[in-house]
Structures are given as structure tokens and as C-alpha cells.
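Where a number appears in this text, it was derived from the coordinates with a stated rule and is not lab data. Remember, it's a predicted structure, so these values are computed and weren't measured experimentally. All Cβ positions, even for glycine, are placed from backbone atoms using ideal geometry, and neighbour counts span all protein chains on display.
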Amino acid sequence: MLDRRTTFWALYLLPLFWLGAFFLVPLALMAAFSFRADVRGEVLQLWRPTLKQYADLIAVGSYWRLLLTSVFIALVVSVIATGLAYPVAYFLAFRAGPRAGFYLVLLLVPFWTSYLLRVMAWKIMLGSNGVFNSFLLYVGLIDEPLTILLYNRFPVVVTLIYVWIPFVALPILAALQRIDLILFEAAADLGATPFRQFRHVTLPLSLPGVFAAFFMVFIPTVGEYVTPLLVGGSSGSMYGNIIQDFFTQAANWPLGSALSMIMLVGTLALVAVAVRTIDLRRVLE
């Protein structure tokens, strides 16, 4: 029989290889490309490293404004999606009873369809002849279709919140299910009202799941480009759309790589500052 160490490495090497081949290596190549002056020549040929792309990036203020806008949108989406997902997770954990599994399946139904189809559905609903405009016209609240519902940053925020809520509810649900129900009985015996039980028992013990859910939304939303492309249009573009344009339309891989690395470093820096600022032990106490 294999010993524990051999079994561990046998199970560990394949995921490690997969992570390195399809995540770390492409990330390293992108970082290397950001120090390339242009795309002339072979892709893997040797080149002299230069900071030209970063200098061009720093010189253009619109890139930084768009990055800050994307960070703000990601923050708004993360806060609202986490806030709306918490009651859903709370209901599944403590109020759904024996039907919790059925309700959980209903929560996961959106994952059974393509992400693009879900975003396109919102594009149809928010359009000039969509469900919302048609209803408002029918009841007489408006005289002509609202243009604010599509091709700006408002529908981008709304669509992203919808997309993320089912996903965000899962880590919060996992954190709530780990809470020992005896703690609620003890709190009730000590005279705590349901609100005080939630404030002093449920919420503090579920905060690790809440923070995990928040960052699971915030990090990928900063670089989101599919949803802004479909429902945001030119007025709803985010930082990820600029990166996509440089890699596809402009074929300027070095500058696109530099923009990507700035976004990666900036996002990781924000997460690190948040983790250092929010002391989970103090919050739990």
C-alpha cells in the first residue's frame, strides 16, 4: 500500500500541473509581454525589456479614470449582490426546512443556462420594446420608451447583480450552515430577542462567508467585459472592454498586457488593504 506522503503527492501533482499550465504560465507570459515594445517578430523570440507600454499607460489619464470607474462599479455590484443574497441564504439555512434542497435547486437553475443567454435576456427586457418599457407604456407612466434602461452603466450594474446573486448566496449559505443551533437556544435562554440573536450570533459567525462572497464578486467584476459589451454599449464600457479591444481589434498585445497587469496588481492591492484593515478576529469578537 502507498504511504500517506506518496498518496498526497500523487493527488497533488495533477492539480498543480493543471494550475501551472493553464493559469500561472499564461499569466507569466502576459507579464512578460507587457515589457515588450511592440508585436513585430515571432511571439516567443527574445526581446529587450522596456517600460514603454507602462509609460504610455501612465501618460493617458482616461485609462486610469476607466479603471477607477470599473472599481466603483465592482464595489457597488459586490455590496448590493451580497446584501440581496444574504436573506436568500438565511432562508435556506434556517427557514426552508425539509424543502431547503428543492429551493437550493431553484436557486441554481440560472446556472443551467448559458451566461450569454442570461445577459441577452436582460438586453431584450431592457430594450425600447422590452418588458419594462412595454409595461410602463401600458400603464401610462411614460409616453415614450426610457433610454436609460439600456446602453449605459445602469443596465450593466443591474445585470451583474442578477448574475451574481445565486453564486454569492452559496458561500454565505455554507457559513450559516456551520453555525451550531445550540447557540441560538443559549441566547434565547439568556433573554436575547430574535434580532439580538441575529446581531450577536448569526451575523458575526457568518461574516467570513460574507467577506468571501464579496471578494468573489468584486475581483472578477473589475475586469468584466461581456456584460458591458452586450447591455452597456459604448457608454457603459468598463476597463475590461479596453483590454479586449487591444488584444482583438488593435492587435496591441503588449499594451493590453500592461493594462491587464495594472488591473491585476491594483485589484490584489485593494484586496490586501481590505484584508489588513478588516480584522476578522476583532469583528467576530
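Among Phe22, Phe247, the order by Cβ neighbours within 10 angstrom, fewest to most, reads Phe22, Phe247.
Panel order for Leu16, Leu229, Leu126, by other beta carbons found within 10 Å of each beta carbon, from fewest to most: Leu16, Leu229, Leu126. A helix-only calculation puts the chain at -21000 deg cm²/dmol for mean residue ellipticity at 222 nm, using -39500 (n - 2.57) for each DSSP H run of at least four residues, averaged over all residues. In the elastic network of the chain, a GNM with C-alpha springs shorter than 10 Å, the most mobile of Gly101, Gly223, Gly233 is Gly101.
Evaluating kT/(6 pi eta Rh) at 4 °C and 1.567 mPa s, with the Kirkwood radius of the range 111-159 over Cα pairs in the Stokes-Einstein relation, gives 113 µm² s⁻¹.
Its Cα centre serving as origin, the range 58-284 has a Cβ charge dipole (Lys and Arg +1, Asp and Glu -1) of approximately 340 debye. Taking a ≥ b ≥ c as the square roots of the eigenvalues of the alpha carbon gyration tensor, the range 140-285 is oblate, as a/c is not under 1.5 and a/b does not beat b/c. Largest mean-square fluctuation among Val226, Val76, Val25, in a Gaussian network model of the chain whose springs join Cα atoms under 10 Å apart, belongs to Val25. Averaging the sequence gap over all C-alpha pairs within less than 8 Å and six or more residues apart, then dividing by the number of residues, gives the range 58-284 a relative contact order of 27 percent. With neighbours defined as other Cβ atoms within 10 Å of a residue's Cβ, the residues Phe195, Phe211, Phe91, Phe135 order from fewest to most as Phe195, Phe135, Phe91, Phe211.
Counting every pair of alpha carbons in the range 46-100, the share spaced more than 15 Å apart comes to 70 percent. Across every direction, the projection of the convex hull enclosing the Cα atoms of the range 1-120 has a mean area of 15.5 nm². For the range 135-200, trypsin sites (Lys or Arg not before Pro) are listed when DSSP marks them as loop and at most 14 other Cβ atoms sit within 10 Å of their Cβ; the list is Arg178.
Which is farthest toward the positive dipole end of the chain among Tyr138, Phe215, Asn152, measuring Cα position about the Cα centre, with Cβ charges +1 (Lys, Arg) and -1 (Asp, Glu)? The one lying farthest along the dipole's positive direction is Phe215. For the chain, a Kirkwood hydrodynamic radius built from all Cα pairs, placed in the Stokes-Einstein relation at 4 °C and 1.567 mPa s, yields a translational diffusion coefficient of 58 µm²/s.
For the options Ile73, Ile58, Ile243, a Gaussian network treatment of the chain with springs between C-alpha atoms closer than 10 Å singles out Ile58 as fluctuating the most.
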